1. Applying the Karplus parametrisation 6.51 cos²θ - 1.76 cosθ + 1.60 with θ = phi - 60° to the phi angles of region 330-345, what ³J(HN,Hα) value in whole Hz is obtained for each residue in order, glycine and proline being reported as x?
2. So, with +1 on the Cβ of K and R and -1 on the Cβ of D and E, and no other charges, what is the size of the charge dipole of region 135-292 about its Cα centre, to the nearest 20 debye?
3. Net charge near Ser86: determine it from the other residues with C-beta under 9 Å of the C-beta of Ser86, scoring Lys and Arg +1 and Asp and Glu -1.
4. Using helices alone, what [θ] at 222 nm do you get for the chain, with -39,500 (n - 2.57) per DSSP H run of 4 or more residues, divided over all residues and rounded to the nearest 500?
5. Relative to the longest principal axis of the chain, what angle (0 to 90°, nearest 10) does the C-alpha long axis of helix 53-65 take?
6. Rounded to the nearest 10 degrees, what's the angle between the helix 284-310 long axis and the longest principal axis of the chain, both from Cα atoms, 0 to 90?
7. Between Val179 and Asp12, what is the spin-label point distance in nm, taking each point 7 Å from the Cα along the Cα→C-beta axis?
8. Local charge sum around Ala158 (other residues, Cβ-Cβ under 10 Å, Lys/Arg +1, Asp/Glu -1)?
Amino acid sequence: MSLTEEQQDLRDAVRGLLAAGGDERSLWRRLCGEVGVAGLAIPGRYGGAGAGPAETGVVMEELGRDLTPSPLLGSAVLAAQALLASGDDAACRRLLPAIAGGSATAALAWTTRAGHWDCGEVACEAREARGGHWQLSGEAHHVLDGDAADVLLVAARAPGGVGLFEVDPGQRGVDRAAVTAMDPTRRLAVVRLAGARGGRVGEDAVGALSRARDLACLALAAEQVGAARRALDLTVDYAMTRVQFGRVIGGFQALQHRLADLHVLVESAQSLSRAAAAGEAPALGLRAAAAKVYCSEALMRTAGEMIQLHGAIGITWEHRAHRYLKRAHGGMYLFGRPAQHAATIAASLIDR
């Protein structure tokens, strides 16, 4: 799918800022202040731009190209969309303007160490306390940017079922620690709660979590496409300059076939990612599952071939190839393994 003129302008603006360079914090401030990336998919009444998954995907593709660290996925997509889908207007009006403007980041503490990202399997528990407040306990893993977020949302099992709770991350009873992940460009944390005080957000937490996970899968798929595209471009450039046996290796037919196969794979992944983000709401879950499965595989294959076709230099620490492979591995397990999403698609076909 081709980008609209407005989406092309958005892509060019983001790419220009990223090319200018800078540290992670300064880049994030400029992306929010000059382009408004954090508020793209947040409605105007909450300080956002009122765009949708397609526009978020444009930005995610650009961030994926050079594996730029950013809180966009965890804050403006996963946490913010869970808050929006909760239907709690008061909480949205209080929290979303700062998230949309980039002056605050949010994190969603949800899954267990197993990382299933299942709406019925949450890491924390909540019990009602006096004064209408709740006390939360548990240990949530794989929390995106959870060690530094200003707003902390927690999915927890309450007596009436799974609920969504706002927890002040600075209070006693909240311990947040960054973890060393395979992909050093993706900030993950463990959040431990020991009787932390929280307030309930909305009523339909399961529906909110499901929608937030689906939108996060779409955003992640776009990021994977951007990373795969860049990995392929770098590999093609290398094949056209590396000389072996008196000729550039890109002139060997066997390598041309492998690169052509990767080109088809990346093109089809991009088409699926963009079509899934632009689709209608009723089939969001299936579109997100399809994008997650296919784009995860596309990046994994492209990153693997990148290392293979670079030869010995591809396995050195100094070369960037290993970074793309690590991003591919990490992304494959984020928001549910591809096998889980494939099972969702299969079940929908059987039910028909």
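1. Each residue of region 330-345 in turn: x, x, 4, 9, 6, 6, x, 5, x, 4, 5, 6, 5, 5, 4, 5 Hz.
2. Numbers: 18 positive and 17 negative charges, 64 e Å.
With only Lys, Arg, Asp and Glu charged at Cβ, the dipole is about 300 debye.
3. Net charge around Ser86: -3.
4. Working: 10 runs with 170 residues, N = 352.
Computed ellipticity for the chain at 222 nm equals -16000 deg cm²/dmol.
5. 50 degrees
6. 40 degrees
7. Reported label-point gap for Val179 and Asp12 is 4.2 nm.
8. Working: positive: Arg127, Arg157, Arg200; negative: Glu125, Glu128.
With Lys, Arg at +1 and Asp, Glu at -1, the neighbours total +1.
Taken together, the values in this text are just the output of simple stated rules run on the coordinates, not laboratory data. These numbers come from a predicted model, not from an experiment. Cβ: placed from backbone, ideal geometry, glycine included. Neighbour counts: every protein chain shown.
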